[in-house]
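Student: Here it is, the structure in full.
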Amino acid sequence: MSYARKVDANHAEVRDGIRDALPGCTIFDAAGAGDGFPDLVVGWRGMNFLLEVKPKGKKLRGVKQCEFHKNWQGQTAVVHSAAEGLAAMLVAMVDQRPK
């Protein structure tokens, strides 16, 4: 039996804010994926960004979310706003530049 996944109140605001700020990006809303997988997968300029959306002041909750973020060998970020999501993406892009 599957259950509907609860999304945080700011989820749509973050998703739509990123979409508005980055015309041409692709966003897969993975909030219902479960098993600790992040809420949003954003594709932009050949890169993918995994973003977990949380309300202001909240952190990762549950063992599955914590384990996913701890063990994932690629980029992940916990964000509370579209601005934080965009900043996390920028940091990841800078970190990937050839040294």
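Student: Please give me, ordered by residue number, the trypsin sites (Lys or Arg not before Pro) of the stretch 1-94 that lie in loop per DSSP and have at most 16 other Cβ atoms within 10 Å. Please list the in-between numbers first.
Tutor: Working: sites: Arg5, Lys6, Arg15, Arg19, Arg45, Lys56, Lys58, Lys59, Arg61, Lys64, Lys70; in loops: Arg5, Lys6, Arg45, Lys56, Lys58, Lys59, Arg61.
Qualifying residues, ordered by number: Arg5, Lys6, Arg45, Lys56, Lys58, Lys59, Arg61.
Student: Using only the Cα atoms of the chain, what semi-axes does the equivalent ellipsoid have when each is the square root of 5 times a gyration tensor eigenvalue? Give whole Å, largest first. Walk me through the numbers on the way to the answer.
Tutor: On the way: eigenvalues 91, 52, 32 Å².
Sorted largest first and rounded, they come to 21, 16, 13 Å.
Student: Enter the per residue convex hull volume of the stretch 41-99, computed from alpha-carbon coordinates, in Å³ rounded to the nearest integer. Write down the numbers at each step before the final one.
Tutor: Details: hull volume 5.3 nm³, N = 59.
So the per-residue hull volume is 90 Å³.
Student: Report, to the nearest 10°, how far helix 82-95 tilts away from the longest principal axis of the Cα atoms in the chain, using its own Cα long axis and a range of 0 to 90°.
Tutor: 50 degrees
Student: Of all beta bridges DSSP finds with both residues in the chain, what is the antiparallel percent, to the nearest 5? Could the numbers behind the result be given before it?
Tutor: Values: 9 of 12 bridges.
Beta bridges within the chain, antiparallel portion: roughly 75 percent.
Student: When only Cα pairs under 8 Å and 6 or more residues apart are kept, what is the percent relative contact order across the chain?
Tutor: Working: 137 pairs, mean separation 25.7, N = 99.
Over the chain, the number comes to 26 percent.
Student: What whole-number value in Å² describes the accessible area per residue of the chain for a 1.4 Å probe? It would help to have the intermediate numbers written out before the result.
Tutor: Details: 6480 Å² over 99 residues.
With the other protein chains kept in place, the chain gives 65 Å² per residue.
Student: Right, another one. Over the stretch 10-52, one equal point on each Cα, no solvent: what is log10 I(q)/I(0) by the Debye formula at q = 0.20, 0.23, 0.33 Å⁻¹?
Tutor: -0.58, -0.74, -1.24
Student: Leaving ligands, DNA and RNA out of it, report the carbon-plus-sulfur percent of the accessible area of the chain at a 1.4 Å probe. The partial results should precede the final answer.
Tutor: Working: 3630 of 6480 Å².
Solvent-exposed carbon and sulfur of the chain make up 56 percent of the total.
The values are calculated or read from the model by the stated rules, or taken from the named source; none is laboratory data. Keep in mind it's a predicted model, so treat the numbers as computed, not measured. Glycine gets a Cβ as well: all are built from the backbone with ideal geometry, and neighbour counts include every protein chain shown. The area values use the complete protein model at the heavy-atom level, side chains included, leaving out ligands, DNA and RNA. Shrake-Rupley method; radii C 1.70, N 1.55, O 1.52, S 1.80 Å.
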